[in-house]
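Take a look at the structure below.
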């Protein structure tokens with residue numbers, strides 16, 4: 001290891017999440033470190049243990065001496081050991097399970113749909129388009145728009161969704177401001193009436209006598 005090498009700060013792997021995700025994160029962090037090219041392979045192997053904790057670290061320390069000859073071999077062995085923690089591969093049809101919840105606004109639905117979509121390798125665009133429309137509430141304006149005028153690309157679908165989101169949020173802001181002005185005006189009217197009532201209220205009989213004397 002280089003004398004001035006500082007291991008990058010990253011979350012340690014314990015064996016409970018996808019090992020492929022950890023390897024990808026480890027590579028990214030190590031590639032940003034200042035390591036001479038001729039020492040990179042050895043450093044990648046020796047520093048790997050510092051990214052592990054718990055059962056994963058125990059597995060690493062129990063590797064037989066001279067059993068690993070390259071970083072590729074190390075990662076293959078690592079993934080094989082923790083394969084049970086791998087995420088199940090998602091498919092395009094899984095997008096049909098994403099539906100707009102009761103009371104959920106369009107922006108939140110779009111964000112949830114996109115989070116699922118980016119996790120699907122080679123996602124089928126036609127399936128994504130139909131799944132997105134099917135997941136919308138049946139009575140929503142966007143559902144009606146996409147049914148009347150189908151889109152050919154997911155980019156067009158999202159463009160229409162963004163336009164609808166802007167309209168809904170502008171409308172909500174306008175209604176909110178209108179309600180605030182209405183209730184504020186009502187409150188001011190009540191205050192004015194109370195003030196006028198106090199000014200026009202006659203003195204009690206006892207108070208008038210005391211003022212006259």
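Between residue 66 and residue 141, the contour length at 0.36 nm per residue exceeds the alpha carbon distance by 20.5 nm.
If R₀ is 35 angstrom, what is the calculated FRET efficiency for the pair residue 87 and residue 39, using the beta carbon separation as r and rounding to 0.05? Present the calculation step by step, with values, prior to reporting the outcome.
Details: r = 33 Å, r/R0 = 0.94.
Taking R0 as 35 Å, the efficiency between residue 87 and residue 39 is 0.60.
Sort the following peptides by mean Cβ neighbour count (other Cβ atoms within 10 Å, averaged over residues), highest first: 27-33, 104-110, 69-75.
104-110, 69-75, 27-33
Going from the residue with the fewest nearby Cβ atoms within 10 Å to the one with the most, 13, 60, 143 rank 143, 60, 13. One decimal place: the segment residue 31-residue 6 gains 7.7 nm when fully extended, by the rule 0.36 nm per residue minus the C-alpha distance. Relative to one another, the C-alpha centroids of the stretch 112-130 and the stretch 1-73 are positioned 32 Å apart.
Where a number appears in this text, it was derived from the coordinates with a stated rule and is not lab data. Quick caveat: nothing in here was measured; it's all calculated off a predicted structure. Don't worry about glycine lacking a Cβ; one is built from the backbone with ideal geometry, like all the others, and counts go over all protein chains shown.
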